[in-house]
Structures are given as structure tokens and as C-alpha cells.
1. Tell me, what HN-Hα J-couplings in whole Hz come from the Karplus equation 6.51 cos²θ - 1.76 cosθ + 1.60 at θ = phi - 60° for each residue of the stretch 188-202, using x for Gly and Pro?
2. Using packing as a proxy for protection, rank 149-160, 29-40 so that the peptide with the highest average count of other Cβ atoms within 10 Å comes first.
3. Figure the gain on full extension for Lys109 and Phe195 (residue separation times 0.36 nm, minus the Cα-Cα span) and round it to one decimal in nm.
4. Kindly flag which residue pairs out of Lys95/Lys152; Lys28/Lys140; Lys41/Lys105; Lys95/Lys153; Lys88/Lys191 have an alpha-carbon separation exceeding 29 Å in this structure.
5. Can you tell me how much longer the chain between Arg171 and Leu80 gets when fully stretched, taken as 0.36 nm per residue apart minus their C-alpha distance, in nm with one decimal?
6. So if R0 is 35 Å, what FRET efficiency would Lys28 and Arg204 give, r being the distance between their Cβ atoms, rounded to the nearest 0.05?
7. Under 14 Å from a point placed 7 Å out from the Cα of Asn187 along the Cα-to-Cβ direction: which residues of the stretch 47-81 have their backbone N that close?
8. I want to check the label-to-label distance for Lys68 and Ile49. Put each point 7 Å from Cα in the C-beta direction and report it in nm to one decimal.
Amino acid sequence: MTGADNLIVLKHKRPSQPQGPLGFLFMKTILFIDGRNFLDKLSFVKKDIDFSVYNFRGLIDKVLSGVKVDDSVFYLGKLLEHPETVQKSKELIEKQRLLKNNLEKQGFKVTITGRVRGHMEKCIKGHETLTFREKGVDVKISIDMVTLSCDKKLKTAVIGSSDSDLQPAVRELQKRGVERIYLGFENSPNKGLTFTTNRTILIRNSEILEFLIKNV
């Protein structure tokens with residue numbers, strides 16, 4: 001082949017993509033964790049967990065010991081200051097910053113998306129209390145899972161959420177031949193996600209407690 005031929009080949013060569021040892025495109029096994037949903041499940045077992053030091057990696061590695069996970073993504077809602085409780089909002093923002101640092105030190109990718117807004121609600125007795133609600137995280141997880149499957153980059157989705165709003169995305173993954181593993185909790189599994197996934201792994205209460213005081 002002449003030098004001119006080499007130039008022509010290089011000119012028309014498509015950008016390289018990650019490939020396996022045999023030249024096939026590398027498809028990943030990715031853990032998608034709905035942060036607020038996941039943290040609430042942990043707190044149901046043990047109140048006042050200090051998530052700035054909790055050993056998330058130890059817990060995940062144990063419960064997914066038979067699954068080779070390439071990437072672990074932890075999704076959190078973006079916190080905004082509430083005008084009526086500025087100090088409380090600042091405390092929550094600081095807690096999320098410490099949580100994010102802890103997760104990243106343990107090898108998780110943290111995605112801040114959607115929003116968490118405070119609003120006043122009245123209880124049955126008429127008393128007003130400030131409640132914080134998260135919006136948009138489940139949408140971002142769904143978009144990421146489906147996009148990766150369309151791009152042929154997702155082999156297995158490990159779904160660390162018990163939110164039924166993810167069901168449409170899970171069914172789309174099923175149509176595209178992506179393996180789906182539901183990672184739930186023994187005290188409150190989502191039966192719908194159990195039905196639409198290939199496999200269910202439930203985290204035991206004892207496993208949550210096991211990694212309470214282990215720093216990394």
C-alpha cells in the first residue's frame with residue numbers, strides 16, 4: 001500500500017471506541033443508584049447514619065460479590081436554599097457535600113441532577129411543617145440507562161432503586177436485550193421491579209449494619 005493510500009484510509013477511519021480483547025465494542029455493567037431512595041432505605045434500618053463516613057463500597061461489594069461492576073453512579077438531587085429556612089438548607093447542602101466527597105473517595109461517580117425544594121405542608125392538625133421533596137432524579141437515571149443501551153454501551157444495568165417510576169425505562173432495556181438486575185432491600189422490595197428484571201438481589205438489614213462504622 002502506498003503512502004497516498006495510507007492517507008486515504010486514515011481520512012475515512014471512524015473515531016475509535018472502547019473495545020474488548022477481540023475487537024468487539026466494550027459493553028459495561030453499570031450500577032445506577034437513586035441516592036435519596038437508597039439513603040432512605042438505609043435510614044429505615046438505622047436512624048441517624050453518618051453518611052459522610054459510611055462504607056458504601058463495602059456494602060455494595062458484598063451484596064454484588066458475584067457481579068463484576070464496571071461503573072457505579074450515585075444520583076443526588078440538587079439542593080436549593082429555602083427562603084424561610086436558610087440555615088436548615090445550608091446544613092443539608094453541607095451534608096450533601098460531605099456525602100459526595102465520601103462517595104467519590106470510595107470510587108463512585110456522583111451525578112447531581114434535578115432539584116430538591118422545600119415547601120410548607122399542613123398536617124392533619126393544621127400545623128405547618130417544612131418538607132423537602134426531590135424531583136427529576138428518576139428521569140435522569142432513565143435517560144442515562146436508555147441512552148447507553150441505544151449506544152450499545154450497556155450490557156447489564158444494576159438498578160439500585162425501588163422507585164416504580166423507573167419501570168418504563170426498565171421495560172425499554174428489556175426490549176433492547178440489556179440484562180437487568182434489581183438491587184433492593186429485604187424489608188421493602190418492589191414487586192414490580194422484581195417482575196421486570198432478570199434477577200433480584202436484596203440487601204439484608206444485617207449487611208447494612210455491618211458497614212456502619214467502617215471508614216475507608
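Readers should treat all values here as calculations from the given coordinates under stated rules, not as data from a laboratory. This structure is a prediction, so every number in the text was calculated from the model and none was measured. Don't worry about glycine lacking a Cβ; one is built from the backbone with ideal geometry, like all the others, and counts go over all protein chains shown.
1. With coefficients 6.51, -1.76 and 1.60, one gets 7, x, 8, 5, x, 5, 4, 6, 9, 10, 6, 8, 10, 10, 10 Hz.
2. Working: 149-160: 19.7, 29-40: 21.3.
So the order, starting with the most tightly packed, is 29-40, 149-160.
3. Here the answer is 28.2 nm.
4. On the way: Lys95/Lys152 36 Å; Lys28/Lys140 18 Å; Lys41/Lys105 22 Å; Lys95/Lys153 33 Å; Lys88/Lys191 36 Å.
Over 29 Å Cα-Cα: Lys95/Lys152; Lys95/Lys153; Lys88/Lys191.
5. Numbers: separation 91, 0.36 × 91 = 32.76 nm, distance 3.28 nm.
Between Arg171 and Leu80, full extension yields 29.5 nm more.
6. Working: r = 27 Å, r/R0 = 0.77.
The value I calculate is 0.85.
7. Counting only backbone N, you get 47-49.
8. The two pseudo-label positions are separated by 2.9 nm.
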